Amino acid sequence: MNNRKVLVYQAYGIRDIIHQTIFSITSLLSKTLSENLNLEIWIYTDQELTFSQFFGDHVNIKIVPINMEQVKKWRGQIDFVHRVKVEILKDAAGKFNGPIFYCDGDTYFLSSPTELFSHVNDRFSLMHTAENALAPGVDPLSKKILHFTKNNHFQVGHETIGIGPSTVMWNAGVLGLSQKNKSFLPMALEMTDQMYARYRKHVMEQLAFSFILQTKSQIMAADQVVYHYWNQKDEYQQAIDDFLKKNKNIKEALENLSHFSWPPAPAPKSPKRALVQKILQRFKRPRAKE
């Protein structure tokens, strides 16, 4: 029985993403030091030298070189940055037999993922955490997405798809699919293309995965094992940059991870306060086109 498992990262472009990914993998390796880790970590990157210098010939690490021309192709005709994630997963999925996992770079591991990953099968898939159902629309973005899904259907293969208001939006910072369920990836790509072409919101690949995985399997949450600091990137980026200035390779990083300066957890925000802060942020930067 083939029990090969692969965890995929995408790490290209700016230094921040490279450093985040290095730190995420370091945290994973730190939580599995006592295990015979049966997990390959594939890093799709345009900075092969940076990763090879940091991780050396670590047995669990595989660097998959890509370039920005390939990234541009993977962004597709819709020119969507998160489409690249789906294309990378499709590329990786076709290269081995076994379940596939994915983590965003802005994550770190709270504990070993071995047990959690072992529960991924044809019935159970993995995403990071359930955010909210589309209805009743607890925030402005959910209301916009709800309005969009009420007024649009999508033709994927021979299937006409409607996304109902009870659909739960899950965070796609972590993903896990069985060997059989890797066949959902082309569907996720097609849905992403159609939805983003009609409504250019940054969560469309996340909505595609959320809908497909909750209708064709049951979704397990990964947030008790993987922390996703998407809402604290500035604080974590500074701490990670400082840490990697002092720790130049995986050996040093593992030895000194206990001295990492962890940023404090953010205070809970009420929906009203979050909306006010979002409005204020729009005065600080150019507003993206709807």
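Listed values, structure above:
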{"quantity": "The stretch 42-63, residues that are surrounded by 15 or more Cβ atoms within 10 Å (Cβ to Cβ) and either in contact with a Cys (Cβ under 8 Å, 6 or more places away or on another chain) or touching a residue at least 60 places away in the same chain (Cβ under 8 Å) (or both)", "calculated": "Phe54, Phe55, His58"}
{"quantity": "Scan of the stretch 126-164 for residues that are farther than 16 Å from Lys201 by Cα, surrounded by fewer than 14 Cβ atoms within 10 Å (Cβ to Cβ) and in contact with a Gly (Cβ under 9 Å, 6 or more places away or on another chain), ordered by number", "calculated": "His153"}
{"quantity": "Helices (runs of 4 or more DSSP H) (entirely within the stretch 68-156) containing at least 3 residues that are at negative phi, among the basic types (Lys, Arg) and modelled with pLDDT of 95 or more", "calculated": "68-75, 83-93"}
{"quantity": "Filter result for Tyr9 (under 16 Å from the mean Cα position of the chain (by Cα), over 24 Å from Ala188 (Cβ atoms) and buried (at least 23 other Cβ atoms within 10 Å of the Cβ))", "calculated": "no"}
{"quantity": "Test: Ser166 is hydroxyl-bearing (Ser, Thr, Tyr), assigned to a loop (DSSP other than H, G, I, E, B), out of contact with any Lys or Arg (no Cβ under 8 Å at 6 or more places or on another chain) and under 15 Å from Thr215 (Cα atoms)", "calculated": "yes"}
{"quantity": "Matching residues, the stretch 241-259, being within 16 Å of Thr21 (Cβ to Cβ) and either free of Cβ contacts under 8 Å to residues at least 60 places away in the same chain or among the hydroxyl-bearing types (Ser, Thr, Tyr) (or both)", "calculated": "Asn247"}
{"quantity": "Failed condition for Glu205, given (1) within 28 Å of Ile100 (Cα to Cα); (2) charged (D, E, K, R); (3) surrounded by fewer than 16 Cβ atoms within 10 Å (Cβ to Cβ)", "calculated": "(3)"}
{"quantity": "The one condition in (1) assigned to a strand (DSSP E or B); (2) surrounded by fewer than 18 Cβ atoms within 10 Å (Cβ to Cβ); (3) not basic (Lys, Arg) that Asn36 fails to fulfil", "calculated": "(1)"}
{"quantity": "Every residue from the stretch 222-240 that is of a type outside the set (A, V, I, L, M, F, W, C) and without any contact (Cβ under 8 Å) to a residue 40 or more places away in the chain", "calculated": "Asn231, Gln232, Asp234, Glu235, Gln238"}
{"quantity": "Test: residue in the stretch 106-125 that is in contact (Cβ under 8 Å) with a residue 60 or more places away in the chain, within 16 Å of Trp170 (Cα to Cα), of a type outside the set (Ser, Thr, Tyr) and buried (at least 17 other Cβ atoms within 10 Å of the Cβ)", "calculated": "no"}
{"quantity": "Top-ranked residue of the stretch 213-228 - restricted to ones that are over 16 Å from the mean Cα position of the chain (by Cα) and not hydroxyl-bearing (Ser, Thr, Tyr), ranked as surrounded by the most Cβ atoms within 10 Å (Cβ to Cβ)", "calculated": "Gln214"}
{"quantity": "Any helices (runs of 4 or more DSSP H) falling wholly within the stretch 174-265 and containing at least 2 residues that are within 23 Å of Lys95 (Cβ to Cβ)", "calculated": "185-198, 204-216"}
{"quantity": "Residue in the stretch 77-89 that is closer than 21 Å to Tyr227 by Cβ, of a type outside the set (A, V, I, L, M, F, W, C) and buried (at least 16 other Cβ atoms within 10 Å of the Cβ) present", "calculated": "yes"}
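The values are calculated or read from the model by the stated rules, or taken from the named source; none is laboratory data. Just so we're clear, the structure is a prediction, and the values are computed from it rather than from any experiment. Glycine gets a Cβ as well: all are built from the backbone with ideal geometry, and neighbour counts include every protein chain shown.
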